[in-house]
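Rule-based calculations on the coordinates, nothing more; no lab input. As the structure is a prediction and not an experimental result, all values here were calculated from the model. Counting neighbours? That spans all protein chains shown, and the Cβs are built from the backbone with ideal geometry, glycine included.
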Amino acid sequence: MFVGLTTIDIQYFVDDIPIANTKVKTDMPNILVGGPATNAAVAFAYLNKTATLASPAGLNAFSSFIDQDLNSVGVDHFDLAYGQEFETILATVLTSKNGDRTIVTHNPTEVESTISPQKLIDLVKPQVLLIDGFYPEFSLDCVKICQERKIPVVADCGSWKPQFEKLLNFVDIAICSADFMPPKCKTKEELFSFMKSKNVVSVAISDGELEIEYLSNNKKGRIDVPQAKVKDTLGAGDFLHGAFCYYFLESNDFKAAMQEAAFLASFTCCFEGTRKWLNFDHNA
């Protein structure tokens, strides 16, 4: 089960990221359903044929578009804002010809969920839970319940958010970007130490095409990231997290699961947008 953000991403492809005070004409943008937890659920469903996402979508101009998209990729969606008016989180994405992207977006407002974490977990009976740090009150209840039930909890640590101070106390596995630095942490070593103080069992730090560094059960290591002909990196980190959840459930081996997930994440970078890769077999 994946708990967190669902967005509408409006993605433009440009030769280069524009400088200030310029206007760029380009082709029609891709309009995509995105968000860290949502993209992770999509990757899990690609491998598992189904996944469960809990995120607010609510009533707005994009409601049916979100429903149709998630249905088409095998994601069962529990809309935490079901029947409520809710402002969709929009993101404008500029992707340059080398695959780099710049994103402009805004933070979501807190939601009064139409289903309690307890009831949701009782219904879904998840084998693993991933949180992306958004909707912290709901997420905190979810991670506490899962810890009590010995359900593995994975945290998508893309950027530091104050709520991670509490959430990480109930997390088993943290997958961090190189930008994820808690207060007073400036190096990867300090990040590993911080996570150890939170009793996080396994920590991985991804950094684009560079090696993934990890600390798992007090053992350090590095994982090679497969090289790819990059067209677009949008969502690659999220797909890494979703694929990891699938492979970890399959093998219960942190390193092996991370290696397989890195392979799939690199594969997704070979396609423009966040949906085209779903039509291909990444093992072919």
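Per-residue 3J(HN,Hα) values for the range 257-273, derived from phi via the Karplus relation 6.51 cos²θ - 1.76 cosθ + 1.60 with θ = phi - 60°, read 5, 5, 5, 5, 5, 5, 4, 5, 4, 5, 4, 5, 6, 7, 10, 6, x Hz in sequence order (x marks Gly and Pro). Backbone phi angles across the range 134-139, fed through the Karplus curve with coefficients 6.51, -1.76 and 1.60 (θ = phi - 60°), yield HN-Hα couplings of 7, 6, x, 5, 5, 5 Hz in residue order; Gly and Pro are listed as x. Pairs from the list Lys229/Lys255; Lys166/Lys276; Lys49/Lys166 with a Cα-Cα gap above 27 Å: Lys166/Lys276; Lys49/Lys166. Here the Debye sum runs over all C-alpha atoms of the range 153-284 as equal scatterers in vacuum, and log10 of I(q)/I(0) at q = 0.15, 0.17, 0.21 Å⁻¹ comes out as -0.69, -0.87, -1.25.
What 222 nm value per residue comes from the helices of the chain, counting each DSSP H run with n ≥ 4 as -39,500 (n - 2.57) and dividing by all residues, nearest 500 deg cm²/dmol? Walk me through the numbers before you get to the answer.
On the way: 8 runs with 89 residues, N = 284.
It comes out at -9500 deg cm²/dmol, rounded to the nearest 500.
Considering only DSSP beta bridges with both partners in the chain, what is the antiparallel share in %, to the nearest 5? Walk me through the numbers on the way to the answer.
Numbers: 20 of 49 bridges.
Antiparallel bridges make up about 40 percent of those DSSP assigns within the chain.
In percent, rounded to a whole number, the relative contact order of the range 160-284 is 18, using alpha-carbon pairs under 8 Å and six or more apart.
Taking 4.7 Å between C-beta atoms as the pairing limit, the chain has these partnerless cysteines: Cys142, Cys146, Cys185, Cys245, Cys269, Cys270.
The GNM of the chain, with springs linking C-alpha atoms under 10 angstrom apart, assigns the highest mean-square fluctuation among Ile19, Ile151, Ile223 to Ile19.
Take every Cα pair under 8 Å whose residues are at least 6 apart in sequence, average their separation, divide by the length of the range 1-116, and the relative contact order is 31 percent. Computed from phi, the 3J(HN,Hα) profile of the range 196-208 under the Karplus parametrisation 6.51, -1.76, 1.60 (θ = phi - 60°) reads 5, 5, 8, 6, 6, 6, 10, 10, 10, 10, 9, 8, x Hz, with x in place of Gly and Pro. Paramagnetic label reach from Gln127 (point 7 Å along Cα→Cβ; backbone nitrogen cut-off under 20 Å): within the range 65-92, residues 73-78. Translational diffusion of the range 1-151 was estimated from the Stokes-Einstein equation, with Rh taken as the Kirkwood radius over Cα pairs; at 20 °C and 1.002 mPa s the coefficient is 130 µm²/s.
Do any of Lys97/Lys196; Lys125/Lys196; Lys144/Lys188 go past 32 Å between their Cα atoms, and which? Walk me through the numbers before you get to the answer.
On the way: Lys97/Lys196 39 Å; Lys125/Lys196 28 Å; Lys144/Lys188 27 Å.
Violating the 32 Å Cα-Cα cut-off are Lys97/Lys196.
Enumerate by residue number the GluC sites (Glu not before Pro) in the range 175-218 meeting two conditions: DSSP loop (anything except H, G, I, E, B), and at most 11 other Cβ atoms within 10 Å of the site's Cβ. The partial results should precede the final answer.
Details: sites: Glu189, Glu190, Glu209, Glu211, Glu213; in loops: Glu209.
Sparse-neighbourhood loop GluC sites (Glu not before Pro): none present.
Hydrodynamic estimate: the Kirkwood radius of the chain over Cα pairs, inserted into Stokes-Einstein at 25 °C and 0.890 mPa s, corresponds to D of 129 µm²/s.
Taken about its Cα centre, the range 1-100 carries a charge dipole of about 180 debye when Lys and Arg each add +1 at the Cβ and Asp and Glu each add -1 at the Cβ.
Note on the chain: dipole from Cβ charges, positive end direction compared against Cys245, Phe192, Leu167; the farthest Cα belongs to Phe192.
For the range 77-195, the Stokes-Einstein estimate of translational diffusion at 20 °C and a viscosity of 1.002 mPa s comes to 132 µm²/s, using the Kirkwood hydrodynamic radius over alpha-carbon pairs.
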